[in-house]
1. Using Cα positions and a limit of under 21 Å, work out the lysines in reach of K133, with same-chain residues fewer than 8 apart set aside.
2. Restricting to the chain, compute how many DSSP beta bridges are antiparallel as a %, nearest 5.
3. Mean 1/r over all different Cα pairs, inverted: what Kirkwood radius does segment 96-182 give, in Å?
4. Give the long-range amide H neighbours of I102: residues separated by 5 or more places, or on another chain, with amide H under 5 Å away, using H modelled in the peptide plane at 1.01 Å from N.
5. Express the relative contact order of the chain as a whole percentage, based on alpha carbon pairs under 8 Å and six or more residues apart in sequence.
6. Based on the mean of other beta carbon atoms within 10 Å per residue, what is the order of 85-94, 167-176, 125-134, most packed first?
7. Could you pull out every residue, at least 5 positions away or on a different chain, whose amide H is within less than 5 Å of the one on G79? Hs are placed 1.01 Å off N in the peptide plane, and Pro or chain starts have none.
8. Taking the Cα centre of the chain as origin, sum charge times position over the Cβ atoms of Lys and Arg (+1) and Asp and Glu (-1), and report the length of that vector in debye to the nearest 20.
Amino acid sequence: MNLWFRLLRLRLTMKRRSRLTPFDVGRIRMRVWPRDLDQLGHMNNGVYLTIMDLGRYDLNLRSGVWPALMKAGIFPVVGAQTITYRRSLQPWQRFDLETKLIGFDDRSVYCEQRFVVGGEICAQAVVRARFIKRVGGTVSMDELGAVLNVDVSGRPAPEWAIRWADDTALPSNRRPAPSTWA
């Protein structure tokens, strides 16, 4: 339920916040609420991932990407993500969620997100997303670039992000991926 309230707040306050380009750093100020806590009294690790969705949505809305995607019948899906925690977020603590598109490869978009308090990174994440057509099938980066009026070839993802994606990739859903333990 907390996600829905945060999402509603984003939508209601969008016009008051500055317009962005897809390559700017999007920042939203948030607070740790009691429903965000785990049994140890700090923000639950899964809540970070849920809140990251809001940061990406906010950047897409404020940059005009979201309406262009919806008009084209395209939507993003997370293919992979990883997060590193440095410092816990405590009850009622305010933090900024920073979101930045860091580049493209031949199939995906890469985004970096940071949870920041007082200018210090508390947690940092990398997300790889693909784009899917509502009518079925995936969207090529050339198609995405055309919809967004962006030259995706001029903004390659950092090499470390490509290595991370390659190192953590599972087989295509068209190939078997049996669950066997060594």
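1. K71
2. Values: 36 of 37 bridges.
Taking every DSSP beta bridge with both residues in the chain, the antiparallel ones total about 95 percent.
3. When all Cα pairs of segment 96-182 are included, the Kirkwood radius is 15.1 Å.
4. Y110, C111, E112
5. Values: 284 pairs, mean separation 38.6, N = 182.
Computed value for the chain: 21 percent relative contact order.
6. Working: 85-94: 13.8, 167-176: 8.2, 125-134: 18.1.
Answer by packing, highest mean first, reads 125-134, 85-94, 167-176.
7. R128, A129, R130
8. Numbers: 28 positive and 17 negative charges, 171 e Å.
Roughly 820 debye, rounded to the nearest 20.
The values are calculated or read from the model by the stated rules, or taken from the named source; none is laboratory data. Note that the structure is predicted; figures quoted are calculated from it, not measured. All Cβ positions, even for glycine, are placed from backbone atoms using ideal geometry, and neighbour counts span all protein chains on display. In case anyone asks, the SASA skips ligands and DNA or RNA and just uses the protein heavy atoms, side chains included. Shrake-Rupley method; radii C 1.70, N 1.55, O 1.52, S 1.80 Å.
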